Amino acid sequence: QVQLVESGGGLVQAGGSLRLSCAASRSIFSFNAINWYRQAPGKQRELVATVTSGGNTNYADSVKGRFTISRDKAKNTVYLQMNSLKPEDTAVYYCNARHPSGGSNWGQGTQVTVSS
């Protein structure tokens, strides 16, 4: 069973930065892609950023130019660097790993709160 553990969330003022981490229990290159999702209260979970096994990245329009997804092969960890944070970025952020078989695993989530 794959374990994904997120960390790095917290409370930050608008305009500030946070870096989220997603540590996997096995090689991140065994997955087709690693995704960061977020879910704000009363809203649907939305895809924020993706990095594929080949290194391609993709971002939601709402975070382009502010968020950067990256990975550390040696640490089996994927990061989400979040800059210029806005109150509307407040949400629980989840790491998701998509398997070649089509299934996926989720982390437990980490809370990000941006105050105005």
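The values are calculated or read from the model by the stated rules, or taken from the named source; none is laboratory data. Here the structure is a predicted model, which is why all the values come from computation and not from measurement. All Cβ positions, even for glycine, are placed from backbone atoms using ideal geometry, and neighbour counts span all protein chains on display. For accessibility, only protein heavy atoms count, side chains too; no ligands or nucleic acids. Shrake-Rupley method; radii C 1.70, N 1.55, O 1.52, S 1.80 Å.
Of note:
- Shown for the chain: the carbon plus sulfur share of the solvent-accessible area, taken with all protein chains present and a 1.4 angstrom probe, equals 45%.
- Ranking R38, R71 from most to least accessible surface, computed with a 1.4 Å probe over the protein chains only, gives R71, R38.
- Counting charges near K75 (Lys, Arg +1; Asp, Glu -1) among other residues having Cβ under 15 Å from its Cβ returns a value of +2.
- Per-pair calculated FRET efficiency, R0 = 22 Å: V5 and T113 via Cβ, rounded to 0.05: 0.65
- Pairs of Cα atoms nearer than 8 Å and 6+ residues apart set the relative contact order; for the chain it is 37 percent.
- A 1.4 Å probe, protein heavy atoms only, puts the accessible area of E88 near 120 Å².
- Ranking of D89, D61 by solvent-accessible surface, largest first: D61, D89 (1.4 Å probe, protein heavy atoms only, all chains present).
- Using a probe of 1.4 angstrom and keeping all protein chains present, the accessible surface of the chain works out to 51 square angstrom per residue.
- Accessible area of S101 (1.4 Å probe, protein heavy atoms only, ligands and nucleic acids ignored): about 110 Å².
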